[in-house]
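Visitor: Structure in C-alpha cells, see below.
The values are calculated or read from the model by the stated rules, or taken from the named source; none is laboratory data. Nothing here was measured: the structure is a model prediction, and the numbers come from that model. All Cβ positions, even for glycine, are placed from backbone atoms using ideal geometry, and neighbour counts span all protein chains on display.
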Amino acid sequence: MNNRQEWNRREYALVVRALKSPGNAGVLLSGEFGTGKSQLVRRLVTSKELHLPMIRLICSAALTDSSYGALAPLLSGAQQPINDVSAIRAALAAVEELLQLEHGAEHVLITIEEAQSIDSASAFVLGQMVRSGKVKLLVVSNEQHEDPLSLDALMSVARLTRVVVEPLTPDEIVDFSGTVLGYPVSRGSAKIIHQLTSGFQSLVQDYLELAVRLGILLEVEQLGALRESSLAIDHGTAGRIAALAHRHPPQVQQLFEILCITGPLSIEQVDRLGLREALQQHPTALIELRDGWTYLSSEFFEEGLRASMSAGRSAGVYREVLAHLGEDLPVGPDFVGFRLIFGDTVSREELLAAARRAQRSHRYQQALELLEKVEEPDREAEAIRLLARLGAGQFQAARTLLSTSAGKLGDEEGSLAQDVGCALNWLHPAVTGPGGDLTQRFWGTSASDGGHSDGYRGGDCALVEGIERVRSLYWLGQPSTALHLSEQSTVGGTAVPSCRYRLALLVVAVRSAVATGSYEQASRLVDGFVMGSSYELLMEHGTVQALRALIDARRGQVSNAQLYLRQARAELALNDPEGLLALCSSLDLLIEQSSNGEALSEDGAQRNDKAEQFGQCNAGRREPGALAANAWWAADQLECDLLAELQRTKPSAGVIDRILRSAQQNGVFLYGILTYQVWNLSRNEQLASRAAEILGGLEVPEECAALQRRQRAVQVVQDSDVKAMQGFAQELHDEGDRVLALEMITRVVDYWSAQDNPRNRGFAIRQIHEWLHQMGQKPWGRMARSLEESGLTARENEIVELVRQGLSNREIARLLTVSQRTVEGHLYRIFAKLGITQRSDLNFGGRH
C-alpha cells in the first residue's frame, strides 16, 4: 500500500490561523533543531491556504555582526551607506512592488529562517515594516539567540504570536508515519520509536525510512509493525544525524560526541570536562538529566552519531575523556568497548561488569561481544553468556551452552542452571506437537491436583510452576482463585527477562477477571501494567492490546475492541509471546459477523472480508513455541474454528461436535463457553437445542460467574417465558453485563417475531436501540442479524438517528439526497415496525 497523505500537524493549523487573523502581525515559530519547523514552513510556502505573496529571508551566524545582513535580498536598491531610514524605504518598496504584481493581495508574508542569528538592525527594520500594515512575519527560530536583544525587540514591536514546535508524541508519530510511509505504524511501534528518537521529527523520519529499508518495519494489515527495535545505521542516516548534531553550539556538539562514546556521565564528570556551563546555557531535549546523571535521551541519535565519527575523531574524543577524568572513568559497556578498540588494558572484573550491565539493559549482542574478550571464562562469565543467549531468544544456543557449562554453573536445587532449564522448557520446549488434552499436554499432572508441588524451587522454576498452576486453575473453572494468585505473585531476580513472567501473569489475571464478569477489574489490571523499555514494548504491547480488545468486546464496547484488534493483530503477527493471535481472530469473527444477513457458503465463496482473512484461524501458520503461547493459542483456536463453522449456511454438525469434544477434554469452562456459542449463534434448530440440553446439564463452578449467567440465560429462553426473559435482561444490564443483556433482548425480538406481534417486537427493538445508544455502539453479530430480519434496515436506522438529532423531514431528505416523500415513507414503516405512533418516541435514548 502506498497512500501518502499530508499530515495536518497541530502547530501548522495554529500558524495558519494566526496568519489569517486580520489583527495578527505574524508568528514566531520556535522549537529545537530537528523538531520539524523547516518542513512546516516548506509546506506552508507550497500550500494554497494563505494566498499571500512571500519573501524568504535566511539568517546565518556569519551575518550576525553585519548590520542589515538578513535583509540583503530587499536592499538591492537602497542608497549607500545604508541606515535605518533607507533600509525601511527600500524594503517597503520591494514589498509594494510585489503587491502590485499580485492583484488583490493586501499583505506580503516575509519568512525569516534561522532567526536566532538575526542582527539587531534587521530586526529593527522588520518591526517597523509590520507597522506599515502591508507585511506579516513568520519568524523561525530555536530561541537560543546569539543576540537575545534583537529578537526580543522584534517580538515586542511586531507583537508576534508564539507557536512552539514540540517533539512528536507517540500519537503524532502514528499520524506522521502515514505521511512518510503511506500507512501508519501501530501504536506499540510508535511508542518504541518515540523512546528511541525522543520524538524529534527528523530522527523519527530517518528511523522509519531506515527500518523499512532493513526489513525491520513491516506492513501488516495496512499498519507498520516492528519485528525488532535496534537498527544497523547506514552511511546516509549517520550523515544526517551528524548534521543535526552540528547545528548545535560547538560545546554542545562536543558533549554529544563524548556521551555517545562514554555513555552516561555524572554531573561532576561533565563539570570536570568543562561542559556543565554549556549544558546550562544551551539546554536540549537530546540530553537528559536524571538522578545526577547526564544521558543522551535518544538511543538512535547516539548510535547514529557514533557511526558518523571517523576513527581519528573517536580517538581524539577518547583521549580528551582520559585527560580530564583520569582514573574516574565511565564503567558502561560503550566506553569499555572503546577502551578495547584503542588497545587499553581492561581488567577481567571491568569486562564482566560491563557485560552484566549490557545484559541487564537488554543489549544482549553487546554483552556477548564483551564476553568474547574474557580469557578462560569462569562461572560468572558463562552465567552472563547464558542469560544473554536466553534474553536474545537464542534458545538452541542457550540449551547447548547449558549442557556444556553444567559443571561450572552447578545443578543443585535453586541454581542458575536449574532456573535456566525451567525457563527454556517453558519458553522453547525441546519437543512440541499438536493433539492431546490441553491440561495434560501443557501442565502434566499438576492440573489434576491444582498445580501444587511437593517442594519449593526458587527463581524461574518457582515462577514457571506458579504460572502453570494459575493457568490450570483457570481452565478447570476456578478463575477467581487464579485471579487472586496471579495478583499476589511477584517477579524479580529471574534468568528470563522479568517482563515475560509479568506478561504471562497479566494474561491469566485478565482472562480470569473476564471469566468472573469483573470487567472493570480486568481493565484496571491492564491500565496498571507498566511497559518501560523498548524491549518490553516490543515483547508486550501487542498482547496488551489484545487483552484490551477482549475486555471491550465482553462489555460491549465493540468499536473500541475493533481498534484494539487491528493494532494487536499487526503486532502479534511479529511478536506473540503469549499466543493471543488466535484470540484476536475469534474476537474478530464474534463482533464482525455479517451484518447484512448473509451467511457463509459451504465452499467459502461468499465469505465476507473478515471471515476470509481470519476464518482459517491462523491454521498452519504457527511454529511450535512456548508452552504459554501454545496453551492459549490451542484453546482460542478451538473457539475460532467453531465461530467460523457457525457462520456457514449449513454448518457441519460433525465438525462442531468434534470441536466441542476437544473442548470438553480440557475443562468445564472452555466446554461451556463454546457450547453457549453454538446455542447463541447457530441457525440450525437441532444444533441449538442440543447445545441447550448440554448446557442445562453442566455443573458450572460458582467462580465462573460469566458462564453461570449464560447457563441461566439458556434456561430462561428455553422456558419461553418472555416476561422472565425481559426481567433477566434488565437484571443483567443493571449488573453491568450488557452484552448478555442485549443477547437476551434479541431473543425477545425473535420471540415476538415468531408470534407475529409487531407492537411488542417494536418495544423490544426500541429497548435494544436505547441500550446501544447509551453504550455508543451499533448492532453486531447475531443481534444485527435479528434486527435486520425483523427490525429496521440500515437506511431506516440512519433516518432514526437523524430524527433523534432533531432534523426535520425536509432536512433529512436534503442530507440523504432523496425526496421528502421517500423520507416520510421510511418513517411510516419505522413506526409500524417499532409499534409507535409519534415522532417523539424515537428519542428513546435522548439526543446526542
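Visitor: Go through region 348-370 and report how many residues are closer than 21 Å to residue 415 by Cβ and surrounded by fewer than 22 Cβ atoms within 10 Å (Cβ to Cβ).
Guide: Count: 3.
Visitor: Here's a follow-up. Taking the condition modelled with pLDDT of 85 or more and out of contact with any Gly (no Cβ under 8 Å at 6 or more places or on another chain), does residue 115 pass?
Guide: Answer is yes for this residue.
Visitor: Name the residue that is nearest to the chain's Cα centre (by Cα), counting only residues in region 76-114 that are within 22 Å of residue 160 (Cβ to Cβ) and assigned to a loop (DSSP other than H, G, I, E, B).
Guide: 114
Visitor: List the number of the failed condition for residue 552; all other conditions in (1) acidic (Asp, Glu); (2) within 30 Å of residue 779 (Cβ to Cβ); (3) within 16 Å of the chain's Cα centre (by Cα) hold.
Guide: The number of the failed condition is (3).
Visitor: For region 173-206, give me the residue count where each residue is farther than 16 Å from residue 285 by Cβ and either in contact (Cβ under 8 Å) with a residue 40 or more places away in the chain or of a type in the set (Phe, Trp, Tyr) (or both).
Guide: 18
Visitor: Let me ask something additional. Can you tell me which residue in region 297-337 is surrounded by the most Cβ atoms within 10 Å (Cβ to Cβ), limited to those that are among the polar types (S, T, N, Q) and outside any helix (DSSP H, G or I)?
Guide: Once the filter is applied, the top-ranked residue is 298.
Visitor: If you check residue 580 against the conditions, is it modelled with pLDDT of 50 or more, over 17 Å from residue 220 (Cα atoms) and of a type in the set (A, V, I, L, M)?
Guide: It is false that residue 580 is modelled with pLDDT of 50 or more, over 17 Å from residue 220 (Cα atoms) and of a type in the set (A, V, I, L, M).
Visitor: Working only within region 314-343, note down all residues that are within 23 Å of residue 380 (Cα to Cα) and acidic (Asp, Glu).
Guide: Correct list: 334 only.
Visitor: Only residues that are more than 11 Å from residue 787 (Cα to Cα) and not in a loop (DSSP other than H, G, I, E, B): list them for region 749-772, please.
Guide: Those that are more than 11 Å from residue 787 (Cα to Cα) and not in a loop (DSSP other than H, G, I, E, B): 751, 752, 754, 758, 759, 760, 763, 767, 770, 771, 772.
Visitor: Of all residues in region 827-848, which are more than 17 Å from residue 763 (Cβ to Cβ), modelled with pLDDT under 75 and of a type outside the set (Lys, Arg)?
Guide: Residues satisfying the conditions are 846, 848.
Visitor: Mind telling me which of the residues 732, 674, 707 ends up being in contact (Cβ under 8 Å) with a residue 60 or more places away in the chain and part of a helix (DSSP H, G or I)?
Guide: That would be 707, the only listed residue that is in contact (Cβ under 8 Å) with a residue 60 or more places away in the chain and part of a helix (DSSP H, G or I).
Visitor: Would you be able to say whether some residue in region 535-542 is closer than 21 Å to residue 640 by Cβ and either modelled with pLDDT of 95 or more or buried (at least 24 other Cβ atoms within 10 Å of the Cβ) (or both)?
Guide: Yes: region 535-542 contains one or more residues that are closer than 21 Å to residue 640 by Cβ and either modelled with pLDDT of 95 or more or buried (at least 24 other Cβ atoms within 10 Å of the Cβ) (or both).
Visitor: Another question, if that's okay. In region 310-328, what residues are in contact (Cβ under 8 Å) with a residue 60 or more places away in the chain and among the hydrophobic types (A, V, I, L, M, F, W, C)?
Guide: 317, 321
Visitor: Look at region 31-43 and say how many of its residues are over 29 Å from the mean Cα position of the chain (by Cα) and crowded, with 21+ Cβ neighbours inside 10 Å.
Guide: The total comes to 0.
Visitor: Scan 137, 71 and give me the residue that is surrounded by 17 or more Cβ atoms within 10 Å (Cβ to Cβ), touching a residue at least 60 places away in the same chain (Cβ under 8 Å), of a type outside the set (D, E, K, R) and within 26 Å of residue 23 (Cβ to Cβ).
Guide: Criteria check complete, one pass: 137.
Visitor: Could you please find all residues in region 159-171 being surrounded by fewer than 23 Cβ atoms within 10 Å (Cβ to Cβ), within 26 Å of residue 91 (Cα to Cα) and of a type outside the set (Val, Ile, Thr)?
Guide: Selection gives 159, 162.
Visitor: Of these, 180, 174, 185, which one is β-branched (Val, Ile, Thr), crowded, with 24+ Cβ neighbours inside 10 Å and not assigned by the TED database to the domain that holds residue 19?
Guide: Answer to the check: 185.
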